[in-house]
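The values are calculated or read from the model by the stated rules, or taken from the named source; none is laboratory data. Bear in mind that the values here come from a model prediction, so they are computed numbers and not experimental data. Backbone-built Cβ (ideal geometry, glycine too); neighbour counts: all protein chains shown. Surface accessibility is based on the protein's heavy atoms, side chains included, excluding ligands, DNA and RNA. Shrake-Rupley method; radii C 1.70, N 1.55, O 1.52, S 1.80 Å.
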Amino acid sequence: SYSLSAGGKRLRPILVLLSCEACGGDKKDALPAACAIEMVHTYSLIHDDLPAMDDDDLRRGMPTSHINFGEANAILPGDALLTRAVEIIADKIEVKSCAAECCVDLANAAGALGMVGGQIADLQSEHRDHSTLEELEAIHRRKTGRLICCALAMGARIGGADAVTLEKLK
């Protein structure tokens, strides 16, 4: 809860709710997905701050999790946030076929082809003298863009969007 309640813009959860509403759904139905995507985002920040990654001491004006609690006690809550996010979607979204599709959306956005893959590319780029604009755009498209698109897709899916709309959000 230390990192999850540390503040921030909450852009991704807001996008889930607004996307659901824009597609004719009730924002209350999208709250589990909104919470879940913020959990995944927070997990990524906890891990990104670790000494093996960016080695940051502060996040949102507060000591990072590994500074406050130690490295192991930052890794494990990050892991727990990721798995809890999937659990919340699977358990709390009432239409189970929609819940399953949202779990796939989130896993794809957060995984090797999305956020995690973008972080790997980011770490690899640190060992080069320079990166091209295309390489930087690809990193940010995966690290940040995929979760933003996922937020919009999950909200739209919960709101009842058709397949054409959902395809455009990928």
inquiry  = If a residue must be more than 16 Å from the chain's Cα centre (by Cα) and without any contact (Cβ under 8 Å) to a residue 24 or more places away in the chain, how many such residues does region 1-25 contain?
reply    = 1
ask   = Here are some residues: Asp55, Asp49. Which one is in contact with a strand residue (DSSP E or B) (Cβ under 6 Å, 6 or more places away or on another chain) and farther than 23 Å from Glu137 by Cβ?
value = Asp49
ask   = Any residue in region 158-169 that is buried (at least 17 other Cβ atoms within 10 Å of the Cβ), in contact with a Ser or Thr (Cβ under 6 Å, 6 or more places away or on another chain), of a type in the set (Gly, Ala, Ser) and in a helix (DSSP H, G or I)?
value = no
remark   = Taking region 79-94 and keeping residues touching a residue at least 60 places away in the same chain (Cβ under 8 Å) and either open to solvent by 50 Å² or more (accessible area, probe 1.4 Å) or touching a His at 6+ places or on another chain (Cβ under 7 Å) (or both) leaves Lys92, Glu94
key: helices (runs of 4 or more DSSP H) within region 10-72 that include 3 or more residues over 23 Å from Glu87 (Cβ atoms), open to solvent by less than 60 Å² (accessible area, probe 1.4 Å) and touching a Pro at 6+ places or on another chain (Cβ under 6 Å)   = none
